[in-house]
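The values are calculated or read from the model by the stated rules, or taken from the named source; none is laboratory data. Just so it is clear, the structure is predicted and the values come from calculations on it, not from any experiment. Every residue, glycine as well, gets a Cβ built from its backbone with ideal geometry; the counts of neighbours run over all protein chains shown. Note: areas computed on protein heavy atoms with side chains; ligands, DNA, RNA excluded. Shrake-Rupley method; radii C 1.70, N 1.55, O 1.52, S 1.80 Å.
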Amino acid sequence: KEVSEVSVRRLQSLFELAIKTSTSAADLYNEDAFCNISSISLVDLLSGFIRKGHDSGLLERLEASERNDGVHIFRLDYKVAWPFSLVVTRKTLIKYQLIFSHLFQFKFLERKLAQAWREQQLLRQQRLDGTESSLRESLLCKEMLHFVNNYLSFMTFETIEPKWQALEQKLRAAATIDEVIEEHEAFLDSVMERCLLLDLAPYALVKDIKNACLSYGNYVLRAHNRDSSEMMEMGARFHRLLRDLIDLNLDMNFLASCTPRNPYSG
């Protein structure tokens with residue numbers, strides 16, 4: 001939804017319901033968590049933490065491409081009481097928000113592409129759209145889903161979960177509050193780095209890929225008469241960005257399985 005259509009009160013009600021119906025319901029501090037919408041974009045927040053490739057021109061381009069809808073302005077927040085505020089400062093909360101927003105936007109994209117995929121398969125089953133171009137479109141959607149699924153898995157199961165477990169062990173062994181603060185900060189920085197939130201060049205590519213996939217999913221779900229040439233342009237852009245990301249030789253093994261292979265590769 002557009003910002004003007006987003007109800008913070010309804011969002012908070014849904015958020016509280018989600019908490020009460022999840023494993024977090026037993027958490028003593030679950031009532032301190034809340035949600036809101038932010039007037040500050042994710043790119044603007046991120047600009048203060050980027051360590052590599054800081055480029056004002058690229059940041060301005062990313063800021064201009066930022067979508068101003070409910071998905072991209074939704075934030076989680078937390079009321080931190082003393083003495084926990086010694087460890088969980090406002091700065092560390094912003095880092096948590098950046099990680100969450102990045103994950104949330106990709107989960108939304110995953111859902112959008114899955115809807116587009118089901119729409120395409122339904123049309124094919126009804127023999128209403130069984131042309132060669134429709135097959136290429138389905139393959140492209142599957143490729144996009146494959147990348148998004150693997151990137152989410154990389155961020156959650158290969159990055160956040162093992163690093164959180166390592167943090168728990170280090171906190172148990174910490175002897176002073178300074179050690180706790182240091183280990184906590186190191187955990188957040190390590191997660192942000194692995195999720196490509198601290199290096200501008202790969203982050204820009206991932207963001208552009210996300211926007212390309214989202215545009216494709218929206219087009220499939222909204223367009224009744226699809227333009228095959230426009231679809232080809234979307235596919236070519238996605239593959240070009242994906243190749244650029246692969247060429248960075250990042251420590252992300254799943255990228256090897258995402259090499260473009262369908263006819264849109266040109």
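Consider the stretch 187-200 and keep the residues that are open to solvent by less than 50 Å² (accessible area, probe 1.4 Å) and assigned to a helix (DSSP H, G or I). The one that is nearest to Ile246 (Cα to Cα) is Leu200. One residue stands out among those in the stretch 85-108 that are part of a helix (DSSP H, G or I) and among the aliphatic types (A, V, I, L, M): the one that is farthest from Phe147 (Cα to Cα), which is Leu86. Against the condition under 24 Å from Ile160 (Cβ atoms) and modelled with pLDDT of 85 or more, how does Phe106 come out, does it pass? Spelling it out, Phe106 is indeed under 24 Å from Ile160 (Cβ atoms) and modelled with pLDDT of 85 or more. All conditions in (1) in a helix (DSSP H, G or I); (2) within 24 Å of Ile19 (Cα to Cα); (3) open to solvent by 70 Å² or more (accessible area, probe 1.4 Å) hold for Trp82, with the sole exception of (1). Whether any residue in the stretch 33-48 is closer than 24 Å to Asp178 by Cβ and modelled with pLDDT under 85 is what I want to check. Yes, some residue in the stretch 33-48 is closer than 24 Å to Asp178 by Cβ and modelled with pLDDT under 85.
Residue-by-condition table, conditions (1) open to solvent by 50 Å² or more (accessible area, probe 1.4 Å); (2) among the hydrophobic types (A, V, I, L, M, F, W, C):
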position	(1), (2)
Arg9	yes, no
Ile19	no, yes
Ala26	yes, yes
Tyr29	yes, no
Ile37	yes, yes
Leu42	no, yes
Ile50	no, yes
Glu60	yes, no
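Any residue that is farther than 19 Å from Ile50 by Cβ, without any contact (Cβ under 8 Å) to a residue 12 or more places away in the chain and among the small types (Gly, Ala, Ser) - is there at least one of those in the stretch 174-195? Looking through the stretch 174-195, at least one residue is farther than 19 Å from Ile50 by Cβ, without any contact (Cβ under 8 Å) to a residue 12 or more places away in the chain and among the small types (Gly, Ala, Ser). For the stretch 152-169, the set of residues classified as exposed (fewer than 15 other Cβ atoms within 10 Å of the Cβ) and aromatic (Phe, Trp, Tyr) consists of Phe157, Trp164, listed by residue number. Can you find a residue in the stretch 216-232 that is surrounded by fewer than 16 Cβ atoms within 10 Å (Cβ to Cβ) and under 19 Å from the mean Cα position of the chain (by Cα)? So far as the stretch 216-232 goes, yes, one or more of its residues are surrounded by fewer than 16 Cβ atoms within 10 Å (Cβ to Cβ) and under 19 Å from the mean Cα position of the chain (by Cα). Between Ser229, Ser215, the distinction of being among the polar types (S, T, N, Q) and within 28 Å of Thr159 (Cα to Cα) belongs to Ser215 only. Counting only residues that are open to solvent by 30 Å² or more (accessible area, probe 1.4 Å), under 30 Å from Val43 (Cβ atoms) and not hydrophobic (A, V, I, L, M, F, W, C), the stretch 170-186 holds 3 of them. Among the residues of the stretch 85-99, those that are aliphatic (A, V, I, L, M) and either surrounded by 15 or more Cβ atoms within 10 Å (Cβ to Cβ) or under 21 Å from Ile37 (Cβ atoms) (or both) comprise Val87, Val88, Leu93, Ile94, Leu98, Ile99.
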